[in-house]
Each structure stands twice: as C-alpha cells, then as structure tokens.
1. Quote the FRET efficiency, to the nearest 0.05, computed for V77 versus A121 with a Förster distance R0 of 35 Å and r equal to the Cβ-Cβ distance.
2. So if each residue of separation counts as 0.36 nm, and I subtract the Cα-Cα distance between R66 and D130, what length gain in nm does that give?
3. Could you tell me which of rounded, prolate or oblate describes the stretch 36-155, using a ≥ b ≥ c as the square roots of the eigenvalues of the alpha-carbon gyration tensor, with rounded for a/c under 1.5 and, failing that, prolate when a/b is larger than b/c and oblate otherwise?
4. Show me 113-121, 153-161, 128-136, 65-73 ranked by packing, highest mean number of other Cβ atoms within 10 Å first.
5. Is the shape of the stretch 98-142 rounded, prolate or oblate, going by the alpha carbon gyration tensor and its root eigenvalues a ≥ b ≥ c, with a/c under 1.5 for rounded and a/b larger than b/c for prolate?
Amino acid sequence: MMREGFSFRNDVLWPRTFIISLALVLGFAHVVAAAEELPREATLPLALANKAAAAAQEKCKQDGYRVSVAIVDRAGVLKVLMRGDGAGPHTTNSSSKKAYTAASLRRPTSEMAELVAKTPALQGLRDIDDKILILGGGLPIEIGGEVVGAIGVGGAPGGHLDEACAQAGLDSIGAVPKVAPPAGK
C-alpha cells in the first residue's frame, strides 16, 4: 500500500541527487580556486598587430625602403607577416627572426648585437636557437608593463633603419618606445 505524498522513486533519488550536486559544487569550488592561481597574461590582439605592421611598413616605404615586417606574440609565434612590394625574399625570414629574438630575449635586437660584439663570451647567444637573429631591427612590444610580443623589420640598408621603422610600428599602437627619437624631434 502507498502512502499519500510518498513516492519510492523520488525518496530514493533525492538523497543521491543531493549528494551528487553537493560534490559538483564543492569540486567546482576547487577548480575555481585553482583557476584563480593561474597567471594572467596580456595578449597582443590581431588588430593591434596588423596596425603596428602597417605603420612600420608605411614608414619604411616613405623612406624609400622595401621591407618585410613581422609581428610575433609573447612566445615568439608569428601573428602577422607583411612583405612590401619589391622587398627581397630574404626579408621575410630576417624580419620574422628579428621579431622572434626580440620577444624571446625581451630586448631590442640592436642592444643584443652591441652586447655580443662587446663581450666575446656571449657569442654563443647567436646559437641558442635556429630562430635567433642578432641584428638591429627587432623590438619587443611592451604595453601596460608587459611584453606582449615583438616586431621585426628586415630589408632597409642597415639595422638602425629597420629599427626606426619598427619603432614607428610601436608608436602607432601606443607601446612603450624602445628607440630614442631622432635629434630635433
């Protein structure tokens, strides 16, 4: 005989459902706590990467240089590559490697080139990785106190000229300047 308001199925399932729900909530709280411990990193949005590359490309074009511009994320992974009209085929590789080097070492590549030239014991830096290229023209992209990527320019007749174009890219997105402006500006 069945009592009114009693359902064997509901009375048996209710404790089981409650226990499963409680376990999920408590387990989820652990996941949330673990997630809060994860480091937070700023990322370079594709729109800003494109804007920086276009500005660097335009600066070099105005100065009469045919270049390629590469933008990488903080890990050195390519986000944008622009090869200007008439730029040599080698410029895509050099700009990508300069950007990778600046992101990896978190410093301008010209600074690294000077350091290696002055300190022979550091020559090995050139061989750390097959993607490293220690020539002027690569700058880290720093926004909000974090290096979020890097820009590399290759193809102008001198690393300092590549670097000036790279700086124009940084300026276009409000990144921390890495190269002093030319005298008189």
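1. 0.70
2. Between R66 and D130, full extension yields 20.5 nm more.
3. It is oblate, given that a/c is not under 1.5 and a/b is not larger than b/c.
4. By packing density, highest mean first, the sequence is 65-73, 153-161, 128-136, 113-121.
5. oblate
Computed from the coordinates by the stated procedures, all read-outs in this text should not be read as laboratory data. What you see is a predicted model, and the numbers here were worked out from it, not measured in a lab. Don't worry about glycine lacking a Cβ; one is built from the backbone with ideal geometry, like all the others, and counts go over all protein chains shown.
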